[in-house]
Each structure stands twice: as structure tokens, then as C-alpha cells.
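S.K.: Mind having a look at this structure? Questions to follow.
The values are calculated or read from the model by the stated rules, or taken from the named source; none is laboratory data. Given the structure is predicted, the values throughout are model-derived calculations rather than measurements. Every residue, glycine among them, receives a Cβ derived from its backbone with ideal geometry; neighbour counts consider all protein chains shown. What goes into the accessible areas is simple: the full protein's heavy atoms, side chains included, and nothing from ligands, DNA or RNA. Shrake-Rupley method; radii C 1.70, N 1.55, O 1.52, S 1.80 Å.
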Number of protein chains: 4
Amino acid sequence: MKKREVEASVKDERLVIKRRDQMIKGAVTLFKQKGFHRTTTREIARAAGFSIGTLYEYIRKKEDILYLVVDRMYDQIRERLQKDLDTNQGTVEALKLSIAYYFREMADMQDEVLVMYQEAKSLGKDALPYVLNKEIQMVGMFENVIGNCVKNGELDLTEQEVKLIAHNIFVQGQMWAFRRWALQKAYSLEEYIELQLDLLFHGMKEGKVKLGTGGEG
Amino acid sequence: MKKREVEASVKDERLVIKRRDQMIKGAVTLFKQKGFHRTTTREIARAAGFSIGTLYEYIRKKEDILYLVVDRMYDQIRERLQKDLDTNQGTVEALKLSIAYYFREMADMQDEVLVMYQEAKSLGKDALPYVLNKEIQMVGMFENVIGNCVKNGELDLTEQEVKLIAHNIFVQGQMWAFRRWALQKAYSLEEYIELQLDLLFHGMKEGKVKLGTGGEG
Amino acid sequence: MKKREVEASVKDERLVIKRRDQMIKGAVTLFKQKGFHRTTTREIARAAGFSIGTLYEYIRKKEDILYLVVDRMYDQIRERLQKDLDTNQGTVEALKLSIAYYFREMADMQDEVLVMYQEAKSLGKDALPYVLNKEIQMVGMFENVIGNCVKNGELDLTEQEVKLIAHNIFVQGQMWAFRRWALQKAYSLEEYIELQLDLLFHGMKEGKVKLGTGGEG
Amino acid sequence: MKKREVEASVKDERLVIKRRDQMIKGAVTLFKQKGFHRTTTREIARAAGFSIGTLYEYIRKKEDILYLVVDRMYDQIRERLQKDLDTNQGTVEALKLSIAYYFREMADMQDEVLVMYQEAKSLGKDALPYVLNKEIQMVGMFENVIGNCVKNGELDLTEQEVKLIAHNIFVQGQMWAFRRWALQKAYSLEEYIELQLDLLFHGMKEGKVKLGTGGEG
DNA sequence: CATGAATGAGTGTTCATTCAT
DNA sequence: TATGAATGAACACTCATTCAT
């Protein structure tokens, strides 16, 4: 899927990138505070440090800004994650480290995650599939590393299981942000990571009482 | 936390309930399609089958509609879940059934879940804590059943683990709705339920290769 | 000019009068507080002690209520004034007493005066002339008494002067109400009356310096 | 009391003044015809020659327009009056000229006076005191000139009398506008001025009959 | 390239008035 | 007669977007 280009009137590419950086920076802050819909283009322009007229030299519609924000965020996360995964592959130990790394990255970008999370559906019919595609890619990255562990024989999972685990990991990374109101009261980030990893790998631990009895035997 | 009452101008309680039912029904459909912000009060009125004037006889502000939708949904899910949990308690087997039941309920209310999920943050400062409280209650219900299994000795988990598992279950119930674009292509609902249950209880299964060996030691 | 009748659907005349009394009473209070435009028909109905439906059994349009209020007020003032003037006629002394009486009456009906004063222009093109006519009648009453004093030889004034004095008196009666924010801080009602009477009858008193010099001599 | 500034979104001060001039001009005409409440913001925008959007670039709320109108009017009258009073001070002759001048000014601004008079109470709790303060200042200007005549010995009046006379003059200036329906049928402006001045300075003239006799003594 | 004034469709909300019960 | 639910025209105000300078 090709990159969905947001058209700019300005030709100077350097400038386009610079201005969009300013824009995205300002927009994230505002979206975080008031959401996409309650944020006006004027506010974004002001936060970015230029006029409303200038803003529209670099985008076509308000929605473009949201797209730019979300797009940038995905790229950042994916880039970092890719770099990490490239160096750690194939072993369960490496997988654990990568998941932990991913959780920490997501915690680091909490605000952006929240924005993406809550406003993505505001993207129009054209931008949405592109964004979903990025998610699929990211989930795919986890599928790959887990899949490698399976190939190695370190894990024994079906393809279906691999896919779902990848989704679960992906969502649990977001959870820390979007359920912060509950989770961050109960756990530190490292506690959260440790617990989730444990659950991910071992599930709920059975007690001794029923050991050997009934169940799925 | 007391119920946050949405005031109506109309006195006839029966009528209020009836009209609000119509309202909620119409609103959910619209919110799902276009989100809360892009849906106009006029559209909601039309979808509900009455005029804009009548709509405002039953609410005070547009936000009230969102609150009504979310509130109703929570109540429904909680009520059904409570009823289920009341009859199935204490065993892992019952817990599994309850989780499956919960997943199915959430799948059944996909649209509402989606709306709640993406629009909840649009609720004002007064309604939001009330809604979050409802979530806490629902998560608490799962904490209880799992906790009972721990007391029985059927499960061996710390309080922290219990809490996080409850959150995970809760979120996985929502996942089916808000990640439908990916999950519902890959799994049937029953497959999804079975897989998630398996992962919840057993985690990733290790292969035989590395059995007995340490990490990178 | 015939009385402008406000049509009622209800036939029972006694009831019409009773309900309209309730209505006027409630309306005056509300108009005083928030003005005619900011007062809703529902509020008036509630203040009157019956439903909005019932309200409309006794009037045709909201404006009718304003008319009813203003009309009632004029009638009251005129009635009282007439009674007073009937018994005190022809002498300057009696005129002074009547003016003082009128001032006191207006002070007594301050709220109503204020309402009439500020909202009269909200009366439609049909009701307004009728109301203005009532004012003309009241001014005419003063013209008469003053005119009688002229006929008696107690006062020496042209018709034009008589008319203007009548207007001045009329307005000075209202002044106490509509300039209350300034006058009632500086004067007691009786002081106000005494001073105005003095000025009315003697004008500004010249000092001794210029006596006999230049000017209009 | 500081000037209550009405905020504009537009930065160009010259433009703000120009557009507000258009606005005020259009608004006065409309307010005169239909009153403040019955005039819509769109009508004002149209009358001013620009769009509703543009209107709101120069004000924040509809009420601001009323405030602008009233404020402008007070400033104009006071400015002119001040200029006049600065050059004519201390003598009864000058006082008469000033009063006549004031009456003519008010007649010149009839429409604005009418608007101010009938709609001032529609100003919110923040703007009203500011407007009343302007009235107090204007009344104060008359108090001063009259007071000077007293100091000169040209007039023999108490402070209380001076204050009340100032109020009377002020109101009589407005009267020509708000009782136009009666006064302007009976008098020319110059007749009105001459008569009022005469009454102000000499009051009602007693006839010869009773000369020398007391009241009811 | 940058600016910011101008635009007007669109939105939430109100409220006088009607009419079936 | 009395009620109050229903209606929808009307209103104040917002904001994305354009375009002349």
C-alpha cells in the first residue's frame, strides 16, 4: 500500500517537512487535551507558530492533520520496534525483551497512542484503510518474531494462536495508555510489564487442589 | 456513586423510557456510522422518529444522548453478566463459561461497544467519572469470580495478577468489537473465544526443544 | 378608542377574569426580573399556577399577556388618580396634593411602571396606539386640573405650557422608578416629591447678585 | 471605571473601527424599528454590509452590539457637551445655552436615544453598571455648571436641588425622543426648548388673583 | 510564501403555539 | 375546561476553508 500523500501548495520540500513537524507537535498536544473535533484549525495553526493561512499551504483539509499525526506516530513506533526486532530474533528470551521494549515505547508515547486510539475513526474513508494497514504491519512484526520461535521449536503454537497473541500483545501495549485511569493507579510500568509477560507465557496458574482431576483431561 | 440522572421536561415516566429507547436505538446506529461529533441532533431525532423539539423534551444537551447510550449499555451488560455470575461461581469451569458468555454478550452488542469505546472521552467532566466507575464495577465482577477460584485453591494467583487478568478479560471482550476489521476476518466468534480462553489459562505453550534449558545462560 | 379585547377560548367570563388575574400577577413578577422577551410563556403559566395549555385558553399570543399587564396597570393608576382628582380640583394647593399623590402611587407601582416603561415598545402595531392613548388620557387629566387653576386665575399659563407641564409631571412620576438606581440613593421619596414640587412651581431660584440686572429684563 | 472593551478577532485596529461603525449604523436603524430582541444578528450583519461570519469577527456576543451602540452614543453626546460646557461656564445665560445645546444634540440623536432608552436594561450585569456610570458622569456635568452658577451667586440652590435639576434636564433631553409621539405633534423642537427652559427657570407662573395670600393657613 | 479578513453552511438549542386526550 | 406532549421555525454562534494582498 502506497503512502497516502497529503498535498501541499508549497513546493520547497524541506519547508514542508519543517512546517508539518511544527503542525504535528502542536496538534498532538491539542488533540490530547480536547480531542480532534474540539480542536480548531486556528488553534493548531497558533500552536504550530504560524497563521491559519499558512497552515492551509501545507494541508488540504483538517482531517489531513489528523492523518499526519497518526501516520507519524505509527512510523515512529514501527521504526523503533523494527530496529529492536532486527537485533533480537528467534528466541523466547529475545521475544520477551522485545515485548517489554514495545510496552515501554508505548508508555513513552502515551499521549499519541491515546490520540490515535480515540480519533482514528475520524479519519475519512480514504485514510482509514491506510492506517489500519500500518497496524496490520505492526501486528505482523510480532507475528513474525513469535513465528520464528515456533519454527525454532521454542514455542508450540498454531498459526491462529500466533496471530491472536500478536494482537493481544499489540492491544496490551495500548492498554497501558487507554486504561491509564485504572492501571497506572494499581501498577508501576515495570510491574505491569512483568505481570503481562508472565500471563502471556504461562496463563493463569492452577492451584494444587484440583491437580490431576477432571477438567479437560 | 449515584446514578447521574438526565433530566426530562416530560413528566410521564413511561413515555420518557419509551422515547429514550427510540432515541438510544437511533443514536447507536448513527454514532456507529459517523461518530458522536459528526452526528447531528436533528439526525438523531429523525432516526428516533420524532422532531428535534421533541428530542429536547427528553434530554438537556446533546451529550446526554451519548451518556444515555453508554449508560444503558453498561447496565445491560452488567445485568446479564451479574445474572450469569450469580449462578456460576467458584470453579474454573464456571469461570470459563462466564468469560465465554461475556465475550458473546459483547459480540452481541458490538455496535454499542464500539460507540462506547470510541466516544466515551467525549463525555463531559461530570459524566465521565460515573462511566469509568461502571467499568471498575464490571472489572470488579471478574476480579471476584477469579478471586473465588483462588480462595478455592483452584487457581494460584496474587491479587495483582487477579486484577490484571480481570482487565485483560474485559479488554478482550471489547477487542472483538474494536478490532473487528482484523479479528473477524481471521476467526469466527467461537474460535476467538476458544483461543482466548486457552491463552488466558495456559499462556504460550513452550515447545519441546528447549525444555529444561535455561535462558541465554 | 374602544378597549382592545384579548380573545379567550373559555366562555365563562368570571373564570376569564380570575385566570387573567393570576396570569398578570405572575407575569409582572417575571417581567420585572427578566423582561418580557426573556420570560417564557411556560414560566408565566407556572407562575400563574396552571399549565401552558390552560394559558393559551385565555390568550391568543404571548404579546397579549404584555398587553394585559400594561393595560391593567394603566387602568389602576388612572382609576386611583381620577378618584383623587375628582375630590381635589381647581386650586393650586389641591394640584400640589394631587401631584404628590400621583408620585406616591407611581412609587408604589414601581415594578409595574418599570415593566410598562421598558417593554411597551414590544407591543405590536395594534396594541401600541391603544396604550399610548391611555397615556394621553392620563396626561390629559393633569392638563385639566392645571387648566382649571388657570381658569381660576390661580395660575397664569398658556395652553402649550399647561400641556408640557402635564407631560413633565407625568414623566417625573415615572422617573422615580426608572431612575431609581440614582434617585433613590440620593433622596427619600418625600424629599423627592417636595423638591420636584418646588421646582415645578418656582423653577430655579435666582441669587441676589444679578437681581435687577440684564437678562430678560 | 475602565472602558469595557469588546474583543475583536481581527487585529487591524483601523478595520475594527470601520467595521464597527458600519455595524452600529445598521444596528441602530434595526433596533429602532424592531428593538434589540427582535433584531437578529444576521439582519445586523446584512444591514452593516457583511456576512454573519464577519460580524462575529468584530464582536463576541450579540449583546456586544448593543453595548457598542449605547457606548458610542454616550461618548458622542458627552464629548460634544463637554466641548460646549468648557467654553460656556459660570453664568446663567451660558447655562441656558448649554441646556438648549444639549436638547438639540439629543434631538439630533433621537434614534440612538430611543434605543439606549428602551434597550439598556438588556445589557448584561457586566455592561450595565458601566453604562449607568456614563449617565452619572453626564448628569454630573450639569451638576457642575449649575453648581458654578450657585457659587457665582447667580443661582440660589441647595446641593440636593442642583442634583435633581441636573437629572430633570437630562431626562427632558431624552423626553423629546421617547415621547416624540406626543411632544413632536404639539411642539417644534425650538418651542419645546424655549418652554422647557422657561419652566426650568421660573416654574409655573402664579396668576394675580392669589398673589400675597397663603395656602390653607 | 505568509497573512488574516471574509465567508456562510451548519450546529445545538429554545420556545411560542397547537391539539389530542 | 385543563393538560402537557409534540412540533418546527427561528436564533445565536462556530469554524473549516478561501483568496486578495
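S.K.: Using only protein heavy atoms and a 1.4 Å probe, how much accessible area in total is buried between A and B, to the nearest 100 Å²?
M.R.: 5300 Å²
S.K.: Where in chain B is the longest stretch that carries no GluC sites (Glu not before Pro) classed as loop by DSSP and with at most 14 other Cβ atoms within 10 Å?
M.R.: With GluC sites (Glu not before Pro) excluded where exposed in loops, chain B gives B:8-215 as its longest stretch.
S.K.: Separate question: At q = 0.12, 0.20 Å⁻¹, what log₁₀ I(q)/I(0) does a Debye calculation on the Cα points of the stretch B:1-119 give, no solvent, two decimals?
M.R.: The Cα Debye sum returns log10 ratios of -0.50, -1.05.
S.K.: Using a 1.4 Å probe and ignoring any ligands, DNA or RNA, find the accessible area of C:T54 and quote it in Å² to the nearest 10.
M.R.: Around 40 Å² of this residue is reachable by solvent.
S.K.: How many angstrom lie between the C-alpha centres of the stretch D:175-205 and the stretch B:121-157?
M.R.: 81 Å
S.K.: If we hang a label 7 Å off Cα along the beta carbon direction at A:E13, how far is it from the matching labels on the other copies, in nm, shortest first?
M.R.: A:E13 label point versus its equivalents elsewhere: 4.6, 7.0, 9.5 nm.
S.K.: At q = 0.19, 0.21 Å⁻¹, work out log10 I(q)/I(0) for the stretch D:89-163 with the Debye formula, treating every Cα as an identical point scatterer and leaving solvent out; two decimals please.
M.R.: Taking Cα atoms of the stretch D:89-163 as identical point scatterers yields -0.88, -0.97.
S.K.: Tell me the carbon and sulfur percent of the accessible area for the stretch D:82-136, rounded to whole percent, probe radius 1.4 Å. Write down the numbers at each step before the final one.
M.R.: Numbers: 1190 of 2210 Å².
Solvent-exposed carbon and sulfur of the stretch D:82-136 make up 54 percent of the total.
S.K.: Which value, in Å² rounded to 10, gives the accessible area of A:T29 with a 1.4 Å probe and all protein chains present?
M.R.: Its accessible surface works out to 60 Å², give or take rounding.
S.K.: I've got another one for you. At 7 Å along Cα-to-Cβ for each site, give me the label-to-label distance between A:V16 and C:R46 in nm.
M.R.: Spacing of the two 7 Å Cα→Cβ label points: 5.9 nm.
S.K.: Now, a different point. Roughly how many debye, to the nearest 20, is the charge dipole of the protein assembly as shown about its Cα centre, given +1 on each Lys and Arg Cβ, -1 on each Asp and Glu Cβ, and no other charges?
M.R.: Dipole about the Cα centre, nearest 20: 1560 debye.
S.K.: On average, how much area does the Cα convex hull of the protein assembly as shown cover when viewed from any direction, in nm²?
M.R.: Spelled out: convex hull of the Cα atoms, projected over all directions, averaged, 51.6 nm².
S.K.: Work out from phi, with θ = phi - 60° and the Karplus expression 6.51 cos²θ - 1.76 cosθ + 1.60, the ³J(HN,Hα) of each residue of the stretch B:49-54, listed in order in whole Hz, and give x for Gly and Pro.
M.R.: x, 9, 7, 4, x, 5
S.K.: Follow-up. Can you work out which chain A residue has the shortest Cβ-to-axis distance for the rotation that carries A onto D, and give it in Å?
M.R.: A:G53, 3
S.K.: Would you mind calculating the gained length between B:R4 and B:D108 on full extension (0.36 nm times residue separation, minus the Cα-Cα distance), in nm to one decimal?
M.R.: Roughly 34.8 nm would be gained on extension.
S.K.: Between the stretch B:43-71 and the stretch D:1-49, what's the alpha-carbon centroid distance in Å?
M.R.: Distance between centres, Cα-based: 35 Å.
S.K.: At 0.692 mPa s and 37 °C, plugging the Kirkwood radius over alpha-carbon pairs of the stretch B:8-60 into Stokes-Einstein gives what diffusion coefficient in µm²/s? All intermediate terms of the calculation are to be shown ahead of the outcome.
M.R.: Details: Rh = 11.0 Å.
Calculated translational D: 300 µm²/s.
S.K.: With +1 on the Cβ of every Lys and Arg and -1 on the Cβ of every Asp and Glu, and nothing else charged, how large is the dipole of the stretch B:62-202 about its Cα centre, in debye rounded to the nearest 20? Walk me through the intermediate numbers first.
M.R.: Numbers: 15 positive and 24 negative charges, 64 e Å.
With only Lys, Arg, Asp and Glu charged at Cβ, the dipole is about 300 debye.
S.K.: Rounded to the nearest 500 deg cm²/dmol, what is the calculated helix-only ellipticity per residue at 222 nm for chain C, with -39500 (n - 2.57) per DSSP H run of length n ≥ 4?
M.R.: About -24500 deg cm²/dmol.
S.K.: Please list the helices of chain C that count as membrane-span-like by this rule: a mean Kyte-Doolittle hydropathy of at least 0.0 together with Cα atoms stretching 20 Å or more along the helix axis, each helix being a complete DSSP H run. Walk me through the numbers on the way to the answer.
M.R.: Values: long enough: C:13-38 (30 Å, -0.69); C:62-87 (39 Å, -0.83); C:92-108 (24 Å, 0.24); C:127-152 (38 Å, 0.32); C:159-178 (28 Å, 0.15).
Going by DSSP H runs, the hits are C:92-108, C:127-152, C:159-178.
S.K.: What is chain A's relative contact order, in percent, from Cα pairs under 8 angstrom and six or more apart in sequence?
M.R.: Relative contact order comes out at 21 percent.
S.K.: Name the residues whose placed amide hydrogens come within less than 5 Å of the amide hydrogen of B:L155, ignoring near sequence neighbours (fewer than 5 apart) on the same chain.
M.R.: Correct list: A:G207, B:V150.
S.K.: Taking N as the number of residues in the stretch B:45-98, what is its Cα Rg relative to 2.2 N^0.38 Å?
M.R.: 1.80
S.K.: I would also like to ask the following. Hey, what's the protein assembly as shown come to in accessible area per residue, 1.4 Å probe, Å²?
M.R.: Heavy-atom SASA per residue in the protein assembly as shown reads 47 Å².
S.K.: Report relative contact order for the stretch B:8-60 in percent, whole number only (criteria: Cα-Cα under 8 Å, sequence separation at least 6).
M.R.: It comes to 47 percent, rounded to a whole number.
S.K.: Taking only the alpha-carbon atoms of the stretch C:67-202, what semi-axes of the equivalent ellipsoid follow from 5 times the gyration tensor eigenvalues under a square root, in whole Å, largest first?
M.R.: Largest first, the stretch C:67-202 gives 24, 19, 13 Å.
S.K.: Measure off 7 Å from each Cα along the Cα-to-Cβ vector at C:A186 and C:I136, then give the distance between these two points in nanometres to one decimal.
M.R.: 3.4 nm
S.K.: A further question follows. Efficiency by 1/(1 + (r/R0)^6): what FRET value for A:H37 and D:D156, r their Cβ-Cβ distance, R0 = 56 Å, to the nearest 0.05?
M.R.: Result of the calculation: an efficiency of 0.20.
S.K.: At 7 angstrom along the Cα-to-beta-carbon line, where would the label on A:A182 sit relative to the other copies? Give the distances in nm, shortest first.
M.R.: 2.1, 6.6, 7.4
S.K.: Put a point 7 Å out from Cα along the line to Cβ at B:G140; what are the distances to that point in the other copies, in nm, shortest first?
M.R.: 4.5, 6.3, 7.8
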